[in-house]
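Every number here is computed from the coordinates shown, using simple stated rules; none is lab data. Since this is a predicted model, take the numbers as computed values, not measurements. Every residue, glycine among them, receives a Cβ derived from its backbone with ideal geometry; neighbour counts consider all protein chains shown.
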Amino acid sequence: MSDHLHSPTSRSGPFALARTLAWLRLCAIAGQSVAILSCVTLLKLDVPLLPLMLGVCVLAVFAAAASFRLGMPWKMTEGEAIVHIAADTLVLGYLLYFTGGASNPFVTLLLVPIGLSAAALSITGVSLVAILTGVAYVLLVPYHRPLPSLGNKGLDFDLYVAGLGVNFVIMAILLGVFISNLAKAIRSQRDEVQRVRERALRDEGILAIATQAAGAAHELNTPLATMRMLLPEIRREHAGDTPLGDDLDLLEGQVERCRTILREMVAFGKAQLSQEPERVTLDQFVHSCMERFQLLRPEADVTLDVEPNAARLRLRSPPGLRHALINLLNNAADASALNDSAAVSFGIRIDGRWLELIVTDEGPGFDEFDELGTLGLSQKDTGLGIGLALAEATAERLDGELAASNTGHGAQMRLRLPLSVIGDPA
């Protein structure tokens with residue numbers, strides 16, 4: 001993605017500030033219009049109505065332009081966010097100029113941009129905003145039109161106190177709501193950065209394992225070829241030994257199985273590089289997965305439950321999806337075995353725009369503090385801790401999700417994939 005487009009981080013600092021300012025701008029337009037009209041109609045104050053409404057209209061035009069800009073995919077820079085603050089400050093200063101300047105109780109609204117920018121901008125940006133609002137305040141001290149009087153000093157003072165009260169409420173709402181939302185956006189950004197960092201570390205570990213696996217596959221081919229060549233020789237030398245012949249049959253089958261696995265690894269690597277998905281029906285995909293899994297775990301008792309409307313679904317099955325599903329089934333078989341059970345349940349259903357692949361075991365379930373898909377960590381004594389990590393990486397690559405839960409009599413893994421990504425419209 002281009003650096004000029006919004007990224008998760010660009011949408012949390014200056015972008016979040018500009019979005020907050022957009023909402024505040026709408027509130028300001030409504031509040032200023034009501035305040036001006038109330039002063040003219042209810043309080044009968046002699047305020048310059050036309051210049052004040054002109055300032056509100058200018059702010060409304062800028063609000064429309066800023067809202068249009070926020071809908072664009074370009075990255076929101078800190079400088080642009082400061083320009084938004086400058087426009088709001090200039091309009092507010094213009095309105096204060098006609099309504100008493102620094103003596104107006106609402107002059108403290110100039111502090112709002114500083115508070116908002118402090119939660120989203122750098123020190124330099126906050127300093128620029130502080131200088132801008134400070135200059136506006138200083139200029140409003142000598143240069144302003146005095147507020148018109150009601151003709152009664154007591155009423156004037158009461159009106160001033162009422163203005164202070166309204167200003168206090170406004171400031172409290174701004175500080176409590178909008179700055180809280182900005183802080184929430186910043187925390188969300190940090191969490192997203194942490195998740196991206198964890199995914200990068202996991203993917204780096206998977207890449208290292210894949211590199212080692214490729215080297216191991218290349219090296220294993222030679223001893224497998226040697227065993228495949230020697231086994232017939234041993235069979236001829238001990239042709240009359242029936243028990244040994246049975247063992248040799250088993251060894252030959254295992255050697256051929258290893259060679260098949262190595263060939264599939266190479267084919268999977270080529271398919272992954274080509275990025276060409278396999279186009280099959282869901283029924284065919286599930287059937288091939290079950291055949292492969294039954295070869296790996298013939299002792300597993302798998303209960304298959306496929307929704308009728310899902311079986312006919314056509315898939316663009318990426319190369320890693322079959323391996324991810326077999327990993328989940330294999331983990332489920334291992335978990336059930338811990339409770340002396342061979343039962344594994346495999347369900348497929350369509351939930352709206354999602355395809356759900358659900359694998360349930362009858363094992364001990366997940367502990368409260370288990371971390372799903374943590375590379376190198378496994379609940380099994382013989383596990384390598386990469387099965388769930390590979391499955392989760394596959395789910396994320398397909399814009400899906402992998403969720404784990406306990407069922408009361410085991411654990412359940414739910415792989416949810418968007419039909420828009422893996423469904424074949426053809």
Here the averaged projected area of the stretch 73-183, based on the convex hull of its alpha-carbon atoms and given in nm², is 7.8 nm²
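May I ask you to derive the FRET efficiency for Gln194 and Gln254 from their Cβ-Cβ distance with R0 = 56 Å, giving the value to the nearest 0.05?
On the way: r = 44 Å, r/R0 = 0.79.
So, using R0 = 56 Å, E works out to roughly 0.80.
I need the peptides 337-345, 64-72, 92-100 ranked by packing, meaning the mean over residues of other C-beta atoms within 10 angstrom, with the highest value on top.
92-100, 337-345, 64-72
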Once both label points are put 7 Å beyond Cα along the C-beta direction, the Ser67-Val83 separation in nm becomes 2.0 nm
Checked against the positive end of the charge dipole of the stretch 11-156 (+1 on Cβ of Lys and Arg, -1 on Cβ of Asp and Glu, about the Cα centre), the farthest of Ala22, Val107, Phe68 is Phe68
